[in-house]
């Protein structure tokens, strides 16, 4: 059998026909031997990129928003950063000797053949924006807060993703140990505000341009005397501190007696660090001095810190940061200092799970759920629910003409505190039933948004 489209195109039934797949699908269905259309294979998220879906997404949002709220309480204003930047910003700002730049960045050429990179961290982008928009020309420090996804091509594992979620702050323009203490105390408060307790704060100083060169020379002298592999030796040449951050047991064993920056601070850096620790002591912020700590980014100077949670196994870091003298000048701005942190939202969610903590309210999608029986009741309920939302009451309703039993299941699954039940009898009386789903009590309330809100507030 030949479809009509083939006959018309060929000029008659006797002419050669086009292949069957040129016929409309509707006509192909009538062909006895037509192959079944191939079903598209469902896709999964890229490897190492987690989805946050309900109900777990509620915890994610609560953690992120609470961290941002704590930052606002400390005077940090929100900045929205591009998801990608010129590659040169990270190569220069983060440091070419870091694994982030050398191995982990998502870098590609755009259609204008410009090299761009998905942001692997936030500080360099914030600093670029501060310079570009002259934010450093006003009152200092500039205090900024940001959040969102960051991208690193790492080996995916629990708590270590290729798309990671962070909340960060940066305080730019003032080199003050009490500002360091503020930033560290703020990070500590962020974690405690969501109920975490099983973490510890590790703290050190990485010196500055005055004392680090001499220490660098001393450390390289030590490292070059070791039987290092070629890659590690190259790293020791570029940034010897990176070698102290090596996670391989054999390297850790070889560097156990390596000289430490904390023992080679100049008087100024030592005084700075002592003031930071004294301020933290006065604030009641517990910490451990870890002289071997090396953060994964090259721009850190002086105060450097990390929050660790042992309930997460190998990927125990849940956040950290430090001071970065010289970064602004390095990427074309004024020679101003700054300090900041990045807190892992993903890691914090895992830490909450490790401590068995469930945040209040995350199981509740709405406060009020409408249950309407009949078309007229459905129409009135839709208007009432819309009015409650406009008044700031989280509300939803059953759709699809569900019966009373099915609609009440929807109220339960929504985690609602109250159900509004409206049927023909209630319509006739100009009222509805307000049912408290916790104690199963119910009262009649006028079919009016203000009356419903008042009745809910009284419960």
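Read the figures in this text as sums done on the coordinates, not as results from a lab. In this text, all values refer to a predicted model and were calculated from it rather than measured experimentally. Here the Cβ positions follow ideal geometry from the backbone for every residue, glycine too, while neighbour counts run over all protein chains shown.
Structural remarks
- For the chain, the longest principal axis of the C-alpha atoms and the axis of helix 375-390 are separated by about 20°.
- Antiparallel %, DSSP beta bridges [both residues in the chain], to 5: 80 percent
- Extension gain (nm, one decimal) between residue 33 and residue 103, 0.36 nm per residue minus Cα-Cα: 19.9 nm
- Each residue in 133, 272 was given a count of other beta-carbon atoms within 10 angstrom of its own, and listing them fewest first yields 133, 272.
- The stretch 368-458 shape via C-alpha gyration tensor axes, a/c threshold 1.5: rounded
- Degrees separating the helix 212-223 axis from the principal Cα axis of the chain, which is the longest one: 90 degrees
- Residue 443-residue 354 FRET efficiency (beta carbon distance; Förster radius 51 Å; 0.05 resolution): 0.75
- Calculated [222 nm] ellipticity per residue, helices only, for the chain: -10500 deg cm²/dmol; basis is -39500 (n - 2.57) per DSSP H run with n ≥ 4, divided by all residues, nearest 500.
- Ranked by how many other Cβ atoms sit within 10 Å of their own Cβ, fewest first, the residues 269, 190 fall in the order 269, 190.
- Given their separation in residues at 0.36 nm each and the Cα-Cα distance between them, residue 386 and residue 115 gain 92.7 nm when the chain is fully extended.
- Answer label for Rg/Rh (Cα atoms, Kirkwood Rh) (calculated), chosen among (1) 1.14; (2) 0.96; (3) 0.99: (1)
- Global size of the stretch 47-135 as Cα Rg and Dmax, reported in angstrom: 16.1, 43
- Extending 7 Å from Cα along the Cβ direction at residue 41 and again at residue 278 yields two label points whose distance is 6.5 nm.
- Simple spin-label estimate for residue 364 and residue 192 gives 2.6 nm between the two label positions (7 Å along the Cα-to-Cβ direction from each Cα).
- By the count of neighbouring beta-carbon atoms within 10 Å, fewest first, 439, 396 end up ordered 439, 396.
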